[in-house]
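Trainee: Got a structure here, written out as structure tokens. Questions coming.
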Amino acid sequence: MTDEILGDDTEAAARLIGYGFRPKHTPARDDSYQALIKRYQEDPDFAYLVKRCAAGMGLQVVGVSARSGMVHAALPGSVFETKMDQFARQVRMREHRDTERVLYGITHLAIAALAFPRREDLGDDGYVGRVAASEVTQYVRSVCDLLSERGTAADEEEDPPADAPELDRAWRVYLKRPEVAPTRTGRSGPAATRTIATRALTYLFDRGMLTQQGVDPERAERTYRTTHRYQLQVRELAATRAYEELLSLGVQPPVSDADGLRTLNPDTLYD
């Protein structure tokens, strides 16, 4: 392989990776994008080059298809990893960031579990999950209620030790928050759990993980539908300590399997 050919292939690999940073730009609207995806799927050498280039940039290729486009995620320590300060600005988190971080974390886990409640749903590429903010808050509160009951049964102290599991520390704060706290403008206040759920859903929508549906007339709230991009992310990148703690509690959303989400070996960068 000549240097010119290698350079062309590397440039093409970088272009495909670049498309992954434009989550709402679909292959159906771009012939060049489609051609790169086809090449990735049909040329193992090119696919390997893409994965190695992505790894060198601190990214993991999650999936590449005509439906989802290029889907990648930042590895820990990557320059592309979303930092807490950046996330705080995006969701307008102004104070108590350590506490809010945990609350937003379990909220995102709840969204994933509700969107794909059964193992076959998560594994079915044609499955589309639906979720709304009220469902998220109810599910998280049910988890917190169970943790509260277990804590009471064990006669635990009001304040958990600093090294307590994340969920154990979170439920105490979550249960003290109102679901809705109307302000003078009629909107729910920033500390309300419904606000946290709504902002988490909006965050995923802005990144092409969810699409917005119309307002449900019965619940008077907007419903979100999952995209294939989000399904790939949940399927491959659900390995967090908090989620493992959630599974260990045996609390599952309705119509769920105990193995609804599988975890990823963090040491595996390529197939």
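Values quoted throughout were computed directly from the atomic coordinates according to the rules given, and no laboratory measurement underlies them. Source: prediction; values computed, not measured. Cβ sites come from the backbone with ideal geometry, for glycine too, and all protein chains shown count toward neighbours.
Trainee: Beta carbons within 10 angstrom, averaged per residue: use that to sort the peptides 109-121, 203-215, 134-146, highest first. Can you show the working numbers first?
Mentor: Details: 109-121: 21.8, 203-215: 16.4, 134-146: 20.0.
So the order, starting with the most tightly packed, is 109-121, 134-146, 203-215.
Trainee: Here's a follow-up. Taking the Cα centre of region 3-74 as origin, work out the dipole magnitude from +1 charges on Lys and Arg Cβ and -1 charges on Asp and Glu Cβ, in debye rounded to 20. Mind dumping the intermediate values first?
Mentor: Values: 9 positive and 10 negative charges, 118 e Å.
Computed charge dipole of region 3-74: roughly 560 debye.
Trainee: Within 10 Å, count the other beta carbons around each residue, average over each peptide in 12-23, 38-49, and list them highest first. If you can, show how the numbers build up before the last one.
Mentor: Working: 12-23: 17.7, 38-49: 14.4.
In descending order of packing, they fall as 12-23, 38-49.
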